[in-house]
Amino acid sequence: MLLSREGVEAFREAGIAVGHTRDTEPHWEADCLLVSMGAFEDISDQIDESSPPVVLVLESRDADVENHRAASDFLYQSDLTERPELVAQQLQTVIAAQEERQPQFTIDGPDDTADDSTYLARLFEEAPDSILVHDETGKILNANGTAVEKLGYPRDALTSMHVSDIQAGTAPDEFLSRLRSLSADEMIIIEGEHRHADGTTHPVETWVNRVEAGSQQRFVAIARDDTERREYEERLETQRDNLETLNQVVRHDIRNDLQLVDLYADLLEDHIDDDEGCSHLEKLQEGVENAVDLTTTARELAEVMLSTTVDHQQVRLDGVLLPQLEKIRESYPDAVVTLDGGVPSVDVIGNDMLDSVFRNLLKNAIQHNDKAVPAVAVSGRVSDDTATVRIADNGPGVPDCRKSEIFGRGESGLDSDGTGIGLYLVQSLVEGVDGDVWVEDADRNIETDDSSHEVGGAAFVVELPLA
């Protein structure tokens, strides 16, 4: 096979790197490979889709090329030497055609020439989620294997359909309107159902992206089968309803029994005339009262734990705290409850259960107090973006090693027999409105008009964001 100097120059000007050989080591890195009939027989088993185009160079125009169909094209030796410019144009066409036949991935539609060796095509085809590609009108342009299998349509049928044919539970116009409002590379999540070829449906959660495909707008929808998650949520909802019913029934029955105990305790007062008996009766009545309070706390905690939404409201701080101070004074007339400097008249972020926070902290300060006269001092202050309420007492205090864990569910608090759910409720409610609560040591005496109560107890601090 001869290649003239003019031929070399013509190929160079055309930007073609041509390899030519008569042996079994062809130049596979070339743009195009020129081989003789004999050389082709030696290398034909090495030719695959990654090879450059192979062009047969025939010695005569009578040569038989029937058994050489693996070649990309053929030309004559005379043209190679006498008309190299024409051959250069022919090779450019062969190279361009070869590049067009290379496996490529396109989001506009399935490529029949692509195979599993194409990395992106395999990712698309074998993704565990259904993937649909459609245009702005909703016409489906491409679908992966998972979508074909899940929906039960042949691929050619699926790619001739509209998204509204399979998207159930969503109005087509509303669906497309939401998609058209997307900016490039923006994503939305849509919950709905996909309709199968047999008419059945399954729930899906679909992520839809708007992407630029050359000059065209395309939407890539990745739909995940949501059956398990929704069934799990339905089970949780049923369990939540059952727990709420159980909580109501149990609290109702317990409170009825406690009222009966309290009634008989009152009747016993006329039949007990010794100090020891009166002391026991007083402890019984206190226990009944604490148990009634506990059922109230349990109800409030159940409402928090079983709630599926967080309710943020604008609440007047003094309007919540001051009534609780009056109630605690009425319930515990022997205790000293003072207000140091007043309660800030500001609006904070809270909800209907914010009063439970202060009620539980005030009762905790008295019920777990080991002094003859329990004393509680309440103060408040306002910073740039928060309001803080501090409730200090003269009780036994909280050791440093327990300050971080005392709000945990089931903690008994100050080495008492209590269950600790009151403090757990306090933390749950405060953190639910993006606030904070902690305990520290009380750092000053609690003063009244006629007495002074030495500190040494705990100070519970509630910090709430301003509304």
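Just name the residue that is modelled with the lowest pLDDT out of those in region 64-102 that are touching a helix residue (DSSP H, G or I) at 6+ places or on another chain (Cβ under 7 Å) and assigned to a loop (DSSP other than H, G, I, E, B).
H68
Could you list, ordered by first residue, the pairs with Cβ atoms under 6 Å in which the first is in region 137-162 and surrounded by 19 or more Cβ atoms within 10 Å (Cβ to Cβ) and the second is aromatic (F, W, Y), at least 6 apart or interchain?
Hits for this filter: N144/F124.
If we scan region 230-248, do we find a residue that is closer than 30 Å to T297 by Cα, loosely packed, with under 14 Cβ neighbours inside 10 Å, in contact (Cβ under 8 Å) with a residue 40 or more places away in the chain and of a type in the set (A, V, I, L, M)?
Yes; the residues of region 230-248 include at least one that is closer than 30 Å to T297 by Cα, loosely packed, with under 14 Cβ neighbours inside 10 Å, in contact (Cβ under 8 Å) with a residue 40 or more places away in the chain and of a type in the set (A, V, I, L, M).
Considering each of D270, D311, D253 in turn, give the residue that is within 23 Å of V430 (Cβ to Cβ) and of a type in the set (D, E, K, R).
Every option except D311 fails the conditions.
Name the residues in region 368-384 that are of a type in the set (A, V, I, L, M) and crowded, with 21+ Cβ neighbours inside 10 Å, would you?
Hits for region 368-384 are A375, V376, A377, V378.
Looking at (1) in a helix (DSSP H, G or I); (2) modelled with pLDDT of 90 or more; (3) more than 24 Å from R122 (Cβ to Cβ), which is the one condition that is false for R178?
(2)
Return yes when G277 is in a helix (DSSP H, G or I) and either assigned by TED's automatic domain parsing to the domain that holds I190 or closer than 26 Å to F358 by Cβ (or both) and no when it is not.
Taking the combined requirement at face value, the residue does not satisfy it.
How about region 186-202: which of its residues are over 9 Å from I166 (Cα atoms), touching a residue at least 40 places away in the same chain (Cβ under 8 Å) and surrounded by 11 or more Cβ atoms within 10 Å (Cβ to Cβ)?
H202
The values are calculated or read from the model by the stated rules, or taken from the named source; none is laboratory data. Note that the structure is predicted; figures quoted are calculated from it, not measured. Note that we place each Cβ from the backbone using ideal geometry, even for glycine, and neighbour counts take in every protein chain shown.
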